[in-house]
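Peer 1: Pasting in a structure now, in structure tokens, and then I'll have a few things to ask.
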Amino acid sequence: MTDVTFQAVVQRVSTLADGGLRVTFDLPEDAILQAAELMAFKREEVALAVSVSMVSALQNSEMQRDDKRQALEAGPKRKSEWKSAKE
């Protein structure tokens, strides 16, 4: 059995037409491998046992700070199109 561990934020909990529930999680950008594993489970139609635990407020603030830092670092790398009169 493969265990997949990641930190996430609950983005949405909704009720389906048949009365079932759907939970959507937002994962940080560095959880690509974990997301790939979840996609493989989906393709293979594997049932999962899910256990959730809260992170401490300190861990949560560190996660948010890291997410913001990663977003800034990954932001668009634009070059100025302005040219001086000499060019």
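Peer 1: For the range 16-32, which residues satisfy the criterion of being over 8 Å from the mean Cα position of the chain (by Cα), of a type in the set (D, E, K, R) and within 22 Å of Thr5 (Cα to Cα)?
Peer 2: The answer is Arg22, and nothing else.
Peer 1: Select from the range 1-47 the residues that are touching a strand residue (DSSP E or B) at 6+ places or on another chain (Cβ under 6 Å), aliphatic (A, V, I, L, M), surrounded by 11 or more Cβ atoms within 10 Å (Cβ to Cβ) and outside any loop (DSSP other than H, G, I, E, B) and list them in ascending order.
Peer 2: Those that are touching a strand residue (DSSP E or B) at 6+ places or on another chain (Cβ under 6 Å), aliphatic (A, V, I, L, M), surrounded by 11 or more Cβ atoms within 10 Å (Cβ to Cβ) and outside any loop (DSSP other than H, G, I, E, B): Val9, Val23.
Peer 1: Among the residues of the range 2-57, count how many are touching a residue at least 24 places away in the same chain (Cβ under 8 Å), of a type in the set (A, V, I, L, M) and out of contact with any Leu (no Cβ under 9 Å at 6 or more places or on another chain).
Peer 2: Selection size over the range 2-57: 2.
FYI, it's all coordinate maths here, none of it is from the lab. Keep in mind that what you see is a predicted model, and the values were worked out from it rather than measured. As a convention, Cβ positions derive from the backbone with ideal geometry for all residues, glycine included, and neighbour counts pool all protein chains shown.
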